[in-house]
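First comes the structure, then the notes that go with it.
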């Protein structure tokens, strides 16, 4: 477990995403550690997107929104298919158990808000508003969007969006016709 927490903290300490082949770049580390990614719409907004990265063997998920919010979570079950691919149907919100925060800040493991009645009751009824915000703030880090190549990282995701695939097919067909 310590290995997972250490790796999770390394991901949260990254300062760029998809810009450079160095250990401070989140995209580089995810690829280097053999994570598999997918692009999905955000739950609260279909017009905004996120990249979700899952490790093939460890119960670890890294989520990066196009606005730069990064979270690292521990999962109940690995959502990868037998051929080590991700599908939008395999990613379920209720699969996340805990979020990891940076140990230098607090060392907290923060339960996901949706798990179990007892945690939901605790989260909704018994925690003060300021403490809820503190915990959620601890579970997220933010990258400046100028330090991200969100669209460029989509080239290494396991599933292309339908419009990307269609565009590439169309371009390939046009190039063949010109020859």
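The values are calculated or read from the model by the stated rules, or taken from the named source; none is laboratory data. Note that the structure is a prediction, hence the values are computed from the model and not measured. Counting neighbours? That spans all protein chains shown, and the Cβs are built from the backbone with ideal geometry, glycine included.
Among residues that are more than 14 Å from the chain's Cα centre (by Cα), in contact (Cβ under 8 Å) with a residue 12 or more places away in the chain, farther than 15 Å from residue 152 by Cα and not in a strand (DSSP E or B), residue 4 is included. Among the residues of the range 26-60, which ones are touching a helix residue (DSSP H, G or I) at 6+ places or on another chain (Cβ under 8 Å) and closer than 27 Å to residue 6 by Cβ? If the condition is that a residue be touching a helix residue (DSSP H, G or I) at 6+ places or on another chain (Cβ under 8 Å) and closer than 27 Å to residue 6 by Cβ, then 26, 27, 29, 30, 31, 33, 37, 51, 53, 58, 59, 60 are the ones that fit.
Quick one: in the range 132-154, of everything that is part of a helix (DSSP H, G or I) and modelled with pLDDT under 90, which residue is surrounded by the fewest Cβ atoms within 10 Å (Cβ to Cβ)? In this case the residue turns out to be 133. If you go through the range 48-89 and keep only what is without any contact (Cβ under 8 Å) to a residue 24 or more places away in the chain, part of a loop (DSSP other than H, G, I, E, B) and closer than 23 Å to residue 32 by Cα, you end up with 55, 57, 77, 81, 82, 83.
Taking the range 9-47 as the range and being assigned to a loop (DSSP other than H, G, I, E, B) and farther than 21 Å from residue 95 by Cα as the test, the residues that pass are 13, 14, 15, 18, 19, 20, 21, 22, 23, 24, 33, 47.
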